Structures are given as structure tokens and as C-alpha cells.
Amino acid sequence: MSPDPFSRAEVRVDLDHLRHNLALLAGRAAASGAATMAVVKADAYGHGAVPVARAALEAGATWLGTCSLAEALTLRAAGIQASMLAWLDPADTDFTPAIEAGVDLGLSNAGELERAADAARRAGGRARVHLKIDTGLSRNGCPPHDWPALVKAAADDSAVEVVAIWSHLACADEPGHPSIDMQASRFEQAYEVTREAGLEPMRHLANSAATLTRPDLHFDLVRVGIAMYGLNPVPQPEDLRPVMTFRSSVVSTKRIAAGESVSYGLTWTADTDTTLALVPVGYADGVPRTLSGRLDVWLDGKRRPVVGRVCMDQIVVDCGDHQPEPGAEVVLFGTGEAGAPTAREWADKIGTIDYEIVTGMYRPRVVRSYAGQR
Ligand SMILES: *Cc1c(COP(=O)(O)O)cnc(C)c1O
């Protein structure tokens, strides 16, 4: 399939792959009696929050998770009715819209609880809250020494409904890491405190990696992000299908003689006569310039090297004696089928994680299109 003629740079999101991945994860969760939250923060890791949320709900998710309240309200504005949790906003955020829109709030301290309760009293409803215990990640979450007071304040406030307690794992992508059991045991202790306060909240702890490797930590709900997007966070193989393909097309080709060099700085020189294909994507479209000299693309059924520096708007592919047609599809990363490049490969080469690669593809000049939309 060729991109639309105007899609110079295109992120293609395959919702059938997303449904496949979500169904696999929700199946694992259901086997231990847990429901599944699809995490669609950061515009669904660069894949588009509304279409991804809808596809995830079609495939078995019953919850949606966002970072900010604004992200959750965008989903509500699109008509999505599912249970929703938003967990991180600035210290002066007015929670009234959350009460009005029925968005649950992830809270970590007394100040946040007070703001949620105040908003509930103003809006004439109850704030549905998920109290977060810090079990060792030391980001947000309530430290254990403040936990009993937070739980008591929540239990005593009639404007607040404690829906859940929850936490987040630091090393779930390293199965067997001792911190996982340590965090799980602190989580159990935090749960005991809520029980002693007369509450019986849901519990959720697992991200994608723990959903795949630790069924004993699924509790009532798992929160899956990266694996739903088809990128495997754990060492063992899983039947996950990458959802995002980044592609462009050949604009033009030319023949150069041995000894001619390519792109700024003339860092690459042809050692034989060769055919170059010009592809109109560059670092403004999400191709890291640090991949210069180490990047391959998939073009006409083969991996071919990008030669010379990655520019703002263009890259040059060495095609040897092959002559691609203008308009031929060029895949920068995607499903990896037949050995084509993947987001993971980019991440490994530049020293980051595939999360950052796909999330970084949300750019004004990159067109997003969907396959498998119902
Ligand atoms: C992002 C996030 C997740 C999802 O993590 P993955 O590793 O992508 O599955 C789960 N829980 C919280 C609190 C998060 O911020």
C-alpha cells in the first residue's frame, strides 16, 4: 500500500494489531480475574488517543488510563463512556471537571485529596479516587509513613469514594528483580491499612511487563501501555504485533559516480557507481539525526542503507544498481516483518527505549492514518 500522495511522512496505525495485542493482554488478566485498563496517555504513546481508546474497548479493555485530566476529558468529549483514571496534574488543578465528567482521580497526598473533596462538594457529587502508595519507585505516590493518615482522611470524608489503591513498579521489565517482590509486599501492607480503616478498595499494580510475567500481581485491574502497542517490554518472546509503521516514499532517484559524496559534511563517499533514492523525511519528522550512518530503510523488498547525514527534511538511500520508482513506499520502522527495521532497533541504536521512539512520532508534519478502523 502506498501512502497518499500528500503524505510525505506518515505514521500508519494498525488498529487490528492493537486489538490483537489488547485481547492477548486482557486474556492474561482475565485468567487471574482482573480487568484491563488501556493506558492512552501522551496521545496513546503517539498513536492517537481516541481511535486507540475505542479499539482497546472493542477488544476487551474496560478502563482507560491517562496522565492528565485534560487527556481524559478529551476522551469524554469524543463520547467515550468507559471508566477512566487520570493520575498526574499540576498542584493547582481544579478537579471539578473530573467530578462532572465522571473521571476517577489518582491521588498521592492530603492536599490533592482535599482539592478533590472540595471539587466534589462544589459539583454536588462524590470524588472517585484511587489512592496511590509509593512502594519504592519514589516518584508520585504517598510515602508509607503518611499512608495511614491519607487513608483515614479519605475514609472519613463523605465527598470521597475510595475506588482503589494502587502503585507502580520500577523494574517489572527485569523479571526476577528483587524490587518487584519488595514492592508487592509493601503494597500488601498498604492494603492492610485500608482494610483496617474499614475500606475495601480495588487494587492495581501491574504495568505491561508485570501483566505478562507476574499473574500473581494482577489483583483487580492491570494497566497496560507499551505491550498494547505491540512492543514487548520483557525478555521472553510474546505474540505482540507492532501497531505503528513510519513510512514515506521515494521522491526521485539519481545515479552518482564512484568517488562522489553525499549530504552535509560529505561524510559518505560512494566506492562504486550507484543509484541514490531521495526520501523526504528528516529529523523534523522524527528521524533522529544521531542515526546518521547507522540507519536502514525497507524499500522494494529489501533493507537498504541511508547514507550520509540525516537532514531536517530528507534522507538519501543507497540502492546500488536497483532503480526504485518515484512513489515507491519506504518503511523507516514498522512491524519488522521479513527483517524490516523496528522502533526497537532505532531505540537500541541511539540508547533509548522504543517507548520514546513511538511517543516522539507525534509531530505536526507527520500525517497519521489508520488501518482497521471500524
Ligand atoms: C505509563 C504507565 C503505565 C503503562 O506502562 P507500560 O510499561 O507502558 O505498560 C501503567 N501505569 C502507570 C502509572 C503509568 O504511568
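The values are calculated or read from the model by the stated rules, or taken from the named source; none is laboratory data. Predicted model, so just to flag it, every value in this text is computed and none were measured. Cβ coordinates were reconstructed from backbone atoms using ideal geometry, including for glycine residues, and neighbour counts include every protein chain displayed. Protein only, heavy atoms only, side chains kept; ligands, DNA and RNA dropped before computing areas. Shrake-Rupley method; radii C 1.70, N 1.55, O 1.52, S 1.80 Å.
Below are the figures for this structure:
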read-out: Surface share of carbon and sulfur [accessible, 1.4 angstrom probe, percent] for the chain; value: 51 percent
read-out: In range of the label at ILE353: residues from region 47-63 whose backbone nitrogen is under 18 Å from the point 7 Å along Cα→Cβ; value: 47
read-out: 15 Å cut-off, amide nitrogen to a point 7 angstrom out along SER252 Cα→Cβ, residues in region 292-313; value: none
read-out: Theoretical FRET efficiency, 1/(1+(r/R0)^6), r = Cβ-Cβ of ALA284 and ASP16, R0 30 Å, to 0.05; value: 0.50
read-out: For region 112-121, Karplus couplings with θ = phi - 60° (6.51, -1.76, 1.60), whole Hz, Gly/Pro x; value: 5, 4, 5, 5, 5, 5, 4, 4, 5, 5
read-out: Range of Cα positions in region 29-77 per principal axis (Å), largest first; value: 32, 19, 18
read-out: 3J(HN,Hα) from dihedral phi, region 54-61, Karplus parametrisation 6.51/-1.76/1.60, rounded to Hz, x for glycine, proline; value: 4, 5, 5, 5, 4, 8, x, 6
read-out: Region 52-161: trypsin sites (Lys or Arg not before Pro) in DSSP coil with no more than 13 other Cβ atoms inside 10 Å; value: ARG139
read-out: Simple Cβ-charge dipole of region 247-374, Lys/Arg +1 and Asp/Glu -1, about Cα centre, in debye nearest 20; value: 420 debye
read-out: Using alpha-carbon coordinates, inclination of helix 147-156 to the longest axis of the chain, degrees; value: 60 degrees
read-out: Counting DSSP beta bridges with both ends in the chain, the antiparallel % (nearest 5); value: 45 percent
read-out: Furthest towards positive pole of dipole, VAL316, ALA127, TYR229, structure part the chain, Cβ charges; value: VAL316
read-out: Distance (nanometres) between label positions extended 7 Å along Cα→Cβ at LEU88 and GLU100; value: 2.7 nm
read-out: Placed amide H near ASP296: partners under 5 Å, 5+ positions off or other chain; value: VAL306
read-out: Length-normalised contact order for region 244-371 - Cα pairs under 8 Å, 6+ apart - percent; value: 27 percent
read-out: Eligible lysines near LYS349 by straight Cα distance, threshold 24 Å, same-chain separation 8 or greater; value: LYS302
read-out: Electrostatic dipole magnitude of the chain [Cβ: Lys, Arg +1; Asp, Glu -1; Cα centre; debye, to 20]; value: 520 debye
read-out: Solvent accessible area, Å² - HIS145, 1.4 Å probe, full protein context; value: 150 Å²
read-out: Under Karplus coefficients 6.51, -1.76 and 1.60, residue-wise ³J(HN,Hα) of region 15-23 in Hz, glycine/proline x; value: 6, 5, 5, 4, 5, 4, 5, 5, 5
read-out: For LEU107, distant residues with modelled amide H under 5 Å away; value: HIS130, LEU131, LYS132
read-out: For SER249, distant residues with modelled amide H under 5 Å away; value: VAL330
read-out: Model label zone, THR269; criterion: amide N under 16 Å from point 7 Å along Cα-to-beta-carbon; scope region 287-331; value: 308-309
read-out: Estimated FRET transfer efficiency when R0 is 45 angstrom, pair GLU161-GLN323 (beta carbons, to 0.05); value: 0.10
read-out: Cα-projected label distance for ARG365 with THR62, points at 7 Å along beta-carbon direction, nm; value: 4.6 nm
